[in-house]
Structure formats: structure tokens, C-alpha cells
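Some notes on the structure that comes next.
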């Protein structure tokens, strides 16, 4: 990814384009909902739209998801859909954010549920395996959104655009806290930063360039050994 220059371009919800143009990567700003619901009825309506949209995506594919199909499936008028989601891309983006939040909660719960005999390496494997499988699954559901999110996420990680809260930013602290006695590196702040960068950047590189690596067991083992060594190798006296 470092061989290409990243350029933020294009209005929200514009038609998909080839991300590589003249040797540069054109990264679109993700489409956003028009507004956030405030009243309980509106919250329920938006939630119903996201659930319906996700079910259509998973069962019928990206091409099947349109405002008219969503209206028919959810029972919500097209005019009400437009009120919150001006484009289908903005709806998919909201669904993707919910999906990432679900994965975050799943990983943290899995770490907390590990038995007392579990090791730091076990926890690292859970984080990586769950994250990589989730990336691969969404890639199958909507490859275009996955690639867009990966490129944009790199700009966020590098603080080229306004940062958002990555799901992994909560998972790494939970992992270190659960296995604090096994983290032997002296400079925990630096090690935590490096681990965070590795667990955010490398999976995106796999998704963009080597997506088949996401579901290979050897990928999890290689990454887990690297991060485990980073956190457990004692500094020389």
C-alpha cells in the first residue's frame, strides 16, 4: 500500500470508481446517513432499515439492494428511507459500522471468557482469527464497500483524515489487561502502539492485496507469533 499515494476525493455517495487511477489511489469519503434518529420511533425505524438491508445483502447480494427492494422488504416507505439514508452507500456504511461494533463486542467477550489456564498467545489468536474471518465475510457480502473501507481506514490510521475509533483500539487494551502478567516488554506504551498498528494495518493489506490469506490458518499463526514476541520479549539488562 505504501507504493501508492492516497488521495481523498469524490462527494459522498458518488458512483463507484476504479480506486487506482494514474498510479494513485482515489479514496472516497464514506457516505454517511443524512441525520441521526432521536425519537424512539425514528431509532426503531432506522434499526429496522439496517437489519433489512443487511439481510438483503447477505441473502441476495449487493446488486439486489435498492431503495425499492428495501422498502418492499422492510415495509418502510421510500420517502422515509431517503430521510435518513440519501444513498444506498450511506445505508451500507451504517450496516458496516454496526457489523464492526458486533465484532468488537464478540472479541472482548471471547477474551473475558477464556479459562484461567489460557495464555496471552491464546488471546492474540482469538483477536486475529475473529478479525480476519470478519473481514473475509464482509468481503464476500460487499467487496466494493470492504475495499473502500480499507483504503479510507488507512488514511484514518495515519491521521491524514479525522480519526475515528477503531474497534481494535478497545480490543488491544482488553487483551493486555487480561494477560498483564505475561506482557514482559518494559516499554508497554511503545509495544502497545506497535501491536495496534500491526493489527490494524496488516489485515487491511491482506484484504486489498491478498484476500485469500484472510482465512488461512498459517496467516493467524504467523501474525500471532509476531505480536506475541513483541509483547513478551524481555529487554536486555
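Quick check on this structure: which one of 36, 41, 3, 59 is in a loop (DSSP other than H, G, I, E, B) and either at pLDDT 50 or above or surrounded by 12 or more Cβ atoms within 10 Å (Cβ to Cβ) (or both)?
Details: 41 fails: in a loop (DSSP other than H, G, I, E, B); 3 fails: either at pLDDT 50 or above or surrounded by 12 or more Cβ atoms within 10 Å (Cβ to Cβ) (or both); 59 fails: in a loop (DSSP other than H, G, I, E, B).
None of the other options fit; the residue is 36.
Exposed (fewer than 13 other Cβ atoms within 10 Å of the Cβ) and at pLDDT 90 or above, is that true of residue 224? Show your work before the answer.
On the way: exposed (fewer than 13 other Cβ atoms within 10 Å of the Cβ): no; at pLDDT 90 or above: yes.
The answer is no for residue 224.
In the stretch 62-86, what residues are surrounded by 14 or more Cβ atoms within 10 Å (Cβ to Cβ), within 21 Å of residue 143 (Cβ to Cβ) and at pLDDT 90 or above? So that I can check it myself, show each step before the final result.
Taking the stretch 62-86 as the starting set, the residues that turn out to be surrounded by 14 or more Cβ atoms within 10 Å (Cβ to Cβ) are 62, 65, 67, 69-71, 73-74, 76, 80-81, 83-86.
Next, only the ones that are within 21 Å of residue 143 (Cβ to Cβ) stay: 62, 65, 69-70, 85.
Those that are surrounded by 14 or more Cβ atoms within 10 Å (Cβ to Cβ), within 21 Å of residue 143 (Cβ to Cβ) and at pLDDT 90 or above: 65, 69, 70, 85.
Just to be sure, is residue 109 within 22 Å of the chain's Cα centre (by Cα), without any contact (Cβ under 8 Å) to a residue 24 or more places away in the chain and assigned to a helix (DSSP H, G or I)?
Values: within 22 Å of the chain's Cα centre (by Cα): yes; without any contact (Cβ under 8 Å) to a residue 24 or more places away in the chain: yes; assigned to a helix (DSSP H, G or I): yes.
Spelling it out, residue 109 is indeed within 22 Å of the chain's Cα centre (by Cα), without any contact (Cβ under 8 Å) to a residue 24 or more places away in the chain and assigned to a helix (DSSP H, G or I).
Here's a check for you: in the stretch 176-220, which residue that is in contact (Cβ under 8 Å) with a residue 24 or more places away in the chain, over 19 Å from the mean Cα position of the chain (by Cα) and in a helix (DSSP H, G or I) is farthest from residue 126 (Cα to Cα)?
So, considering only residues that are in contact (Cβ under 8 Å) with a residue 24 or more places away in the chain, over 19 Å from the mean Cα position of the chain (by Cα) and in a helix (DSSP H, G or I), the one farthest from residue 126 (Cα to Cα) is 191.
Which members of the stretch 112-142 meet the condition of being in a helix (DSSP H, G or I) and without any contact (Cβ under 8 Å) to a residue 12 or more places away in the chain?
In the first step, residues of the stretch 112-142 are kept if they are in a helix (DSSP H, G or I); the result is 112-113, 120-141.
Once the filter is applied, which keeps residues that are in a helix (DSSP H, G or I) and without any contact (Cβ under 8 Å) to a residue 12 or more places away in the chain, the stretch 112-142 yields 113, 122, 137, 140.
Please go through the stretch 21-33 and pick out each residue that is modelled with pLDDT under 70 and outside any strand (DSSP E or B).
Going residue by residue through the stretch 21-33, those that are modelled with pLDDT under 70 are 21-32.
Within the stretch 21-33, 22, 23, 28, 29, 30, 31, 32 qualify.
Mind listing just one residue for me: the one in the stretch 87-98 that is surrounded by 18 or more Cβ atoms within 10 Å (Cβ to Cβ) and within 15 Å of residue 138 (Cα to Cα) and, of those, nearest to the chain's Cα centre (by Cα)?
Of everything passing the filter in the stretch 87-98, 96 is nearest to the chain's Cα centre (by Cα).
The values are calculated or read from the model by the stated rules, or taken from the named source; none is laboratory data. Treat the numbers as computed from the prediction; the structure is a model and nothing was measured. Ideal geometry is used to build each Cβ from the backbone, glycine not excepted, and the neighbour counts take in all protein chains shown.
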